[in-house]
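Novice: Below you'll find the structure I mean.
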Amino acid sequence: MGRRVYWQAVIIVAISLLQGTPSHKSVAQLQRLFDVDRKTVMRWRVYFLEIFPQSPQWQRIRGLFPSSLSNENLPADLLNHFILYNKNTHDALAECLRILACGLPP
């Protein structure tokens with residue numbers, strides 16, 4: 001995986017970990033785990049909460065997923081969807097990144 005794909009994976013995993021936990025605690029943990037600034041983590045969070053759900057890319061592929069997948073819980077719900085249908089988490093993350101990068105059906 002190239003550097004760009006690696007960081008996409010880090011962002012997906014980091015924001016998925018952030019969701020559903022107390023933000024002050026988890027942000028500090030993510031900062032230490034990935035050696036990133038708090039502002040960077042918060043920028044990623046805002047992107048998935050506000051920008052990505054409205055993007056043409058997400059609007060184009062949204063119909064490929066069940067309605068139970070919540071826009072308010074992206075990317076965690078999306079990643080969990082792929083985990084349910086793949087043999088291992090590595091494949092699930094790869095599929096998730098592929099569809100986000102290319103907009104191709106799973």
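Any read-out appearing in this document is the output of simple, stated calculations on the displayed coordinates, not a laboratory observation. Note that the structure is predicted; figures quoted are calculated from it, not measured. Ideal geometry is used to build each Cβ from the backbone, glycine not excepted, and the neighbour counts take in all protein chains shown.
Novice: Between the DSSP loop rule and a limit of at most 10 other Cβ atoms within 10 Å, which trypsin sites (Lys or Arg not before Pro) in the stretch 51-106 are left? Could you put the intermediate results ahead of the total?
Specialist: Numbers: sites: R60, R62, K87, R98; in loops: K87.
Passing sites in the stretch 51-106 are K87.
Novice: ³J(HN,Hα) across the stretch 72-88 via Karplus (A = 6.51, B = -1.76, C = 1.60, θ = phi - 60°), whole Hz, x for Gly/Pro?
Specialist: Result, rounded to whole Hz: 6, 10, 7, x, 4, 4, 5, 5, 4, 4, 5, 5, 4, 10, 10, 6, 8.
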